[in-house]
Amino acid sequence: MSSITDAFLKESKEKMFFKFIKKIIFLLMTTVGTLGNISIFVNYMFSWWGGPEKKPIHLILIHLAFTNIILLLVKGLPKTIAAFGLRNFLDDVGCKILIYLSRVARGLSICTSSLLTVVQAIIISPRASGWRRLRPKSAWHILPLFFFFWVLNALISMNLIHSITSINLNISQLKSEDNYCYFMLESQKTKWLVLPLMVLRDAVFQGAMGGASGYMVSLLHKHHQQVLYLQKAKLLYRTPPELRAAQSVLLLMLCFLFFYWINCAFSLFLSLSLQYNSLMINIQEIMILGYATFSPLVLIHRDGLLAECWHAQ
């Protein structure tokens, strides 16, 4: 009897510890990520409106920070609230809006990150290259692409309006738990219509991202060889800002791909698993928020944005 009680107390302590860690992680990721993206957004907005030249890259980074803020507020904040034990804080309409916006924001993050990589690759391409002709002549030429991204992801995510409900309904009708909202069972026709569209979107934009990243890596390698030659010739040389920006973009893409594919691996594991695994589900949720949280930190670290903000003030 004593051994059973000890085992129960040990299991109870482990659950309490796990819940405490979950609270801290979701709170830190939501807070740090939101503040970091706000700093990126504000900094580049000042550069956009106050600078002599309106760069397409700045506009893309503004849009990326904006989509990250949306994702953290509609995904991270409710997760944090639910982790602290507050349930039933959303009605049916609130659940539909939050889950729909989180899916749209995640899709926008994929599209915007791909656009950022492609435009940066075009910017650093040699003048004689054919890619140079695709360089946006004005930052305003990027806006139609943003409109296309919003429409595309809004349409792909439409099925969520019918398959999301709050936890106040009968649990026997529901498929999987999301702490504050549930996914109801979808018809096979809807499932096999939406899923291929999502896979196609991700494949196209990640393919473009991968091709542009590979192209930038080859250009940076050539630049590195030139630097080594100049160093041997004892000539002073400073890396152009475009190439330093390309290095930052490549770091962002590595960050994106890491969190994306880890999330895919956990999603696949959970879909094949027959048992409910709370730990795996929470790790998957953390991976979803990972890129939105760490991408502004990469930019701040690489570009010294905080130092620039304080200097400007």
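Observations, loosely collected:
- Listed peptides 59-71, 270-282 appear in the order 59-71, 270-282 once ranked by packing, highest mean of other Cβ atoms within 10 Å at the front.
- Links that overshoot a 27 Å alpha carbon limit, given the list 54/96; 23/96; 15/96: 54/96; 15/96
- If R0 is taken as 41 Å, the Cβ-Cβ distance between residue 93 and residue 143 corresponds to a FRET efficiency of 0.85.
- Percentage relative contact order, the stretch 38-111, counting C-alpha pairs under 8 Å, at least six apart: 35 percent
- Residue 77-residue 297 FRET efficiency (beta carbon distance; Förster radius 22 Å; 0.05 resolution): 0.70
- Computed label-point distance, nm, for sites residue 19 and residue 46 using a 7 Å Cα→Cβ extension: 4.3 nm
No value in this document is a laboratory result; all are computed from the given coordinates. All of these numbers come straight from a predicted model, not from anything done at the bench. All Cβ positions, even for glycine, are placed from backbone atoms using ideal geometry, and neighbour counts span all protein chains on display.
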